[in-house]
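Chemist: The structure follows.
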Amino acid sequence: MPANFAEVWVNRVIQNLTTTDVAPWLDGIPELDTTVAEMGSGEASEMNVIHIPRTNFNPNVLLNNTAYPIALQSYTDDEVVVALDKYQTEVTTLSDDKIVGASYNVIDPATKGHVKAINSKKFKKAIHAIAPASDSLYTPVIVATGDPLVAGGLPTLTYNDLVTLKDRLDADDTIPVEGRRLVLCYRHWNDILRDRKYFGDKLVNYNTGMPAPIIAGFELYQYNGNPLFTSAGAKKAFGAVKATGDREASVAYWVGAIAKKTGFTKQYFTPAAINPRTQANELNYRHYFIAVPFQARAVAAIY
């Protein structure tokens with residue numbers, strides 16, 4: 001085994017975490033300019049935390065545990081300490097043939113599943129955390145009003161719904177017109193694909209690498225991992241099972257209202273030579289990340 005196995009492999013995984021299976025709707029949101037501190041390294045209670053000036057963060061937002069276990073750990077008079085979410089993959093067994101060498105055509109196939117699983121979970125967590133908990137003056141949550149496609153089905157999304165959401169956000173004069181994004185759930189995206197009267201071919205040519213279309217002042221994205229809302233308009237807890245009457249929601253936000261931070265990525269490896277039980281190499285990863293609103297403002301949803 002090459003002496004630099006661990007360093008080369010984990011560096012490649014870190015690179016892939018930021019360049020493959022990404023969420024375009026988070027692009028352009030800068031990472032918080034703060035240092036990540038590791039606490040309790042190697043222990044079950046290990047955490048990555050960041051210190052943020054209290055003037056830039058509203059701790060009341062982080063105390064909403066419908067998105068995740070409380071991220072706010074403690075605060076002083078002048079700063080908030082936020083714990084990043086921890087993502088761990090299950091152990092993968094690898095033959096000796098698969099770990100020999102440090103070329104990317106060896107590393108990528110062996111670690112692709114880990115990268116994909118981590119990014120999938122962290123982006124679902126991010127869009128869930130960004131979505132408001134319920135309708136309020138500064139966090140609009142509205143119901144789609146279009147006719148169902150089938151009798152007794154869910155209402156469809158219409159152009160007028162987008163205008164209604166825009167109007168609700170416009171009422172808050174602290175939200176600039178520029179930089180508003182709407183991450184459509186797959187059902188709502190398909191609704192507007194069908195609406196040729198208002199949307200024409202604006203979405204047909206939308207491909208990865210092309211600018212997001214702008215409709216009713218929103219940059220439009222689609223994502224198949226948006227949060228569930230009850231029929232009464234309340235966001236369900238992250239990971240909750242979909243029940244009768246629940247609906248996937250589309251989530252809107254102003255980019256300046258969102259904070260994100262990537263923490264450390266760790267690799268754990270047990271070589272076959274010291275693993276007599278299975279005589280196989282074992283590999284997994286731990287990754288830290290968080291994306292949340294700065295405060296309960298400039299975020300919205302349509303369900």
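The values are calculated or read from the model by the stated rules, or taken from the named source; none is laboratory data. What you are looking at is a predicted structure, and each value in this text was computed from that prediction instead of being measured. Neighbour counts run over all protein chains shown; Cβ positions are idealised from the backbone, glycine included. Note: areas computed on protein heavy atoms with side chains; ligands, DNA, RNA excluded. Shrake-Rupley method; radii C 1.70, N 1.55, O 1.52, S 1.80 Å.
Chemist: What residue among Pro109, Thr18, Met210 has its Cα farthest toward the positive end of the dipole of the chain, where the charges are +1 on Lys, Arg and -1 on Asp, Glu, each on the Cβ?
Modeler: Pro109
Chemist: Ignoring ligands, DNA and RNA, what percent of the 1.4 Å accessible area of the chain is carbon and sulfur? Could the numbers behind the result be given before it?
Modeler: Working: 7860 of 15090 Å².
Carbon and sulfur: 52 percent of the exposed surface of the chain.
Chemist: Shifting gears a bit: With charges only on Cβ, +1 for K and R and -1 for D and E, what is the dipole size of the chain about its Cα centre, in debye, rounded to 20? If you can, show how the numbers build up before the last one.
Modeler: Numbers: 29 positive and 31 negative charges, 142 e Å.
The dipole of the chain has a size of about 680 debye.
Chemist: Nearest-5 percent of antiparallel DSSP beta bridges in the chain? Numbers along the way, then the final one.
Modeler: Details: 44 of 51 bridges.
Within the chain, antiparallel bridges account for around 85 percent of the total.
Chemist: Separate question: Using just the helices of the chain, give the 222 nm mean residue ellipticity in deg cm²/dmol: DSSP H runs with n ≥ 4 each add -39,500 (n - 2.57), and the total is spread over all residues, rounded to 500. Can you show the working numbers first?
Modeler: On the way: 7 runs with 75 residues, N = 303.
Dividing the helical sum by the residues of the chain leaves -7500 deg cm²/dmol.
Chemist: Sticking with this structure for a sec: If we count every other residue with Cβ under 13 angstrom of Ala273's Cβ, Lys/Arg +1 and Asp/Glu -1, where does the sum land?
Modeler: Details: positive: Arg277; negative: Asp96, Glu282.
Every neighbour counted, the sum reads -1.
Chemist: If r is the Cβ-Cβ distance from Asp147 to Ile214 and R0 is 30 Å, what FRET efficiency results, to the nearest 0.05?
Modeler: Details: r = 26 Å, r/R0 = 0.86.
For Asp147 and Ile214, the calculated efficiency is 0.70.
Chemist: Here is a follow-up. Please give the per residue accessible area of the chain, computed with a probe of 1.4 Å over protein heavy atoms only, in Å².
Modeler: 50 Å²
Chemist: Treat each spin label as a single point 7 Å out from the Cα along the C-beta direction, and report the Asn190 to Ala37 distance in nm.
Modeler: With each label point 7 Å from Cα toward Cβ, the separation is 4.9 nm.
Chemist: In addition: For the chain, take the alpha-carbon Rg, divide it by the Kirkwood Rh, and send me Rg/Rh. Numbers along the way, then the final one.
Modeler: Working: Rg = 21.5 Å, Rh = 21.1 Å.
So for the chain, dividing Rg by the Kirkwood Rh gives 1.02.
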